[in-house]
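Comments concern the structure below.
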Amino acid sequence: MTSPVGVDSILQQIRTLRQQTQQPLQVPQATPATAPAAGFENMLKQSVESVNALQTQGDDLKSAYERGDGQVSLTQVMVSLQKADVSFRSVVEVRNKMIDAYHEVMRMSV
């Protein structure tokens, strides 16, 4: 009885991952000049930039639809604006949680 090709490829991936986890981790040493920007700061900045890009894209599609552009449908406009809204709300919630955490740390007695 032969096994399907999908199962063989999954088993091969599992074996490869198992071999990789058994090898010692080699972390390259970064010098300060070549070190990437701070992880959290960089992630937060990218998140805000992506929200801004989604809002700009939604506004552009809305303007194109209002001008009567035949290549832009109402569905595209609504989906784009909803994506921008959801992403903005999530960033606001992250900000609120960060502020709550800051206030909690400030209330701690030393």
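What is the residue count in region 17-48 for residues that are loosely packed, with under 10 Cβ neighbours inside 10 Å and modelled with pLDDT of 75 or more?
Adding up the residues that qualify gives 3.
Residues in region 53-61: is at least one among the small types (Gly, Ala, Ser) and surrounded by 14 or more Cβ atoms within 10 Å (Cβ to Cβ)? Give the steps one after another, and end with the answer.
As a first pass, look at region 53-61 and keep what is among the small types (Gly, Ala, Ser): 53, 58.
Those still in the list that are surrounded by 14 or more Cβ atoms within 10 Å (Cβ to Cβ) too: 58.
Checking region 53-61: at least one residue is among the small types (Gly, Ala, Ser) and surrounded by 14 or more Cβ atoms within 10 Å (Cβ to Cβ).
Return a yes/no flag: does region 66-79 have any residue that is in contact (Cβ under 8 Å) with a residue 12 or more places away in the chain, surrounded by 11 or more Cβ atoms within 10 Å (Cβ to Cβ) and over 17 Å from Leu44 (Cα atoms).
Among the residues of region 66-79, at least one is in contact (Cβ under 8 Å) with a residue 12 or more places away in the chain, surrounded by 11 or more Cβ atoms within 10 Å (Cβ to Cβ) and over 17 Å from Leu44 (Cα atoms), which makes the answer yes.
The values are calculated or read from the model by the stated rules, or taken from the named source; none is laboratory data. For clarity, every value in this text was computed on a predicted model and none was experimentally measured. Neighbour counts are summed over all protein chains in view; Cβ atoms, including those assigned to glycine, are modelled from backbone coordinates with ideal geometry.
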